[in-house]
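Scroll down for the structure; my scribbles are underneath it.
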Amino acid sequence: ETAHTHTHTHTHTHNSYVDIVTLLIAAGASVNKAVGEERLSPLFLATLFGHLEVARLLLWHDAHPDAQAADGSTPLLVAAQLGEAELALLLLQHKASVNGTAIVHRTTTNEATTTGDAVGDGNGGDGDGDGEGEGDDAYVWVSSDELTPLLVAAEEGHASVMRVLLACGAGVGGGGSG
């Protein structure tokens, strides 16, 4: 048993079971219900775990592309941070805010592994704390900042995501609406 509270939709989104998520939605499961202390929606989790087809299904059923987690992050910020260009484009096609900002409390990998981070597995991956090694918590921030998807993609070196964001009108001026 984990400390996280997840609905059936969340569990199967995490595992990328498109058919099962389809059945749950047909049975009335909410595509927008954010649960747990982290307030993660099924779309947020699909983005976090790189499940493009589950994200597409959730958006088709009117999942909110700009829904914020408890820390202020959005699916588009996560896609930018993880280098998920296809997911970023999908979110933008469904009206995610290309210049939306969030003030996100970010923590170091070491802090996340000792306190139990909000999203990652808390194991610290390859142990070097850079967030880059296999198994490092993919969703680990480093300070409190006003972030835009373009800034996050640039910080992480994800040129493919930057190209998508710029093609969709991302502003390059310091944060906000550019």
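Computed from the coordinates by the stated procedures, all read-outs in this text should not be read as laboratory data. Bear in mind that the values here come from a model prediction, so they are computed numbers and not experimental data. Note that we place each Cβ from the backbone using ideal geometry, even for glycine, and neighbour counts take in every protein chain shown.
Remarks
- Rough spin-label spacing in nm, given labels placed 7 Å along Cα→Cβ, for residue 53 and residue 19: 1.0
- For residue 97, no residue has an amide H sitting under 5 Å from its own, ignoring neighbours fewer than 5 places away on the same chain, with H placed 1.01 Å from N.
- Backbone geometry of the stretch 51-60 corresponds, through the Karplus equation with coefficients 6.51, -1.76 and 1.60 at θ = phi - 60°, to 3J(HN,Hα) couplings of 8, 4, 5, 5, 4, 4, 4, 4, 5, 4 Hz, x marking Gly and Pro.
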